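Since the structure comes first, as structure tokens, the remarks are kept for the end.
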Amino acid sequence: MKYSLIIAGSVLLVVGLLLYISIPLYYPGYGTINDVFKANRGATSLGPNESEIIKNISAQRGDAILFLVLTGNVNVSLLNSSKMPIINQQRDISVALNQSTYYIQLINTGNTSVNVTYTYGIFNAESISNFYYGLGIFETFLEILILIGGAMILWAAISWILTKRK
């Protein structure tokens with residue numbers, strides 16, 4: 001049996017998993033962004049076919065808003081200063097803003113009441129884009145590392161089974 005292959009695969013698998021799980025502890029900016037989302041959590045209840053403007057935002061040029069519905073199945077609309085919809089999406093919005101006043105509206109399109117929890121953050125558009133781009137690349141690298149480790153272990157196990165049959 002190829003123990004060196006199993007050991008190397010196990011090391012890659014364990015190190016990759018540990019790094020992946022602990023990303024929030026060491027990835028640059030993760031804690032800051034998480035703190036913004038924690039500080040801007042909210043909750044509301046919407047009746048059937050009801051809508052509610054939950055936030056009024058004054059944005060500067062180059063800002064971006066990320067709005068996430070944590071629980072509840074509702075649409076999210078970003079309204080301009082005239083309260084006309086700019087974006088209407090299911091559950092989440094992420095958009096770069098110009099200098100203006102905006103409103104965030106939650107819309108329950110269902111026939112039953114819904115309790116909604118949400119969070120949002122207003123960030124520099126370029127910085128938040130770069131953060132998530134870099135995080136995506138890093139997570140992909142770690143996923144590949146984990147897969148390589150698992151494949152090495154699987155290859156060693158299959159090789160061992162096939163040599164035992166002979």
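The values are calculated or read from the model by the stated rules, or taken from the named source; none is laboratory data. None of the values given here were measured: they were computed from a predicted structure. Quick reminder, even Gly has a Cβ in these numbers, built from the backbone with ideal geometry, and neighbours come from all protein chains shown.
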Quiz prompt | Number of the condition not met by residue 10 [criteria: (1) exposed (fewer than 13 other Cβ atoms within 10 Å of the Cβ); (2) under 30 Å from residue 151 (Cα atoms)] | solution = (1)
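Among the residues of the range 21-43 satisfying the criterion of being hydroxyl-bearing (Ser, Thr, Tyr) and surrounded by fewer than 11 Cβ atoms within 10 Å (Cβ to Cβ), which is farthest from residue 56 (Cα to Cα)?
Step one: of the range 21-43, the residues hydroxyl-bearing (Ser, Thr, Tyr) are 22, 26-27, 30, 32.
Then drop every residue that is not surrounded by fewer than 11 Cβ atoms within 10 Å (Cβ to Cβ), which leaves 22, 26.
On the way: 22: 35, 26: 33 Å.
The extreme case among them is 22.
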Exercise. Just one of (1) at negative phi; (2) at pLDDT below 90; (3) surrounded by 14 or more Cβ atoms within 10 Å (Cβ to Cβ) trips up residue 67, so point out which.
Key: (2)
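Here is a yes/no grid of residues against (1) loosely packed, with under 12 Cβ neighbours inside 10 Å; (2) of a type in the set (Val, Ile, Thr); (3) in a loop (DSSP other than H, G, I, E, B); (4) touching a His at 6+ places or on another chain (Cβ under 8 Å):
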{"site": "131", "(1), (2), (3), (4)": "no, no, no, no"}
{"site": "137", "(1), (2), (3), (4)": "yes, yes, no, no"}
{"site": "140", "(1), (2), (3), (4)": "yes, yes, no, no"}
{"site": "143", "(1), (2), (3), (4)": "no, no, no, no"}
{"site": "146", "(1), (2), (3), (4)": "no, yes, no, no"}
{"site": "149", "(1), (2), (3), (4)": "no, no, no, no"}
{"site": "152", "(1), (2), (3), (4)": "no, no, no, no"}
{"site": "155", "(1), (2), (3), (4)": "no, no, no, no"}
{"site": "160", "(1), (2), (3), (4)": "no, no, no, no"}
Quiz item: What are the residue pairs meeting all of these: first residue in the range 104-127, first residue surrounded by 14 or more Cβ atoms within 10 Å (Cβ to Cβ), second residue part of a strand (DSSP E or B) and of a type in the set (D, E, K, R), Cβ atoms under 6 Å, and 6 or more apart or on different chains?
Solution: 104/55; 106/52; 122/63
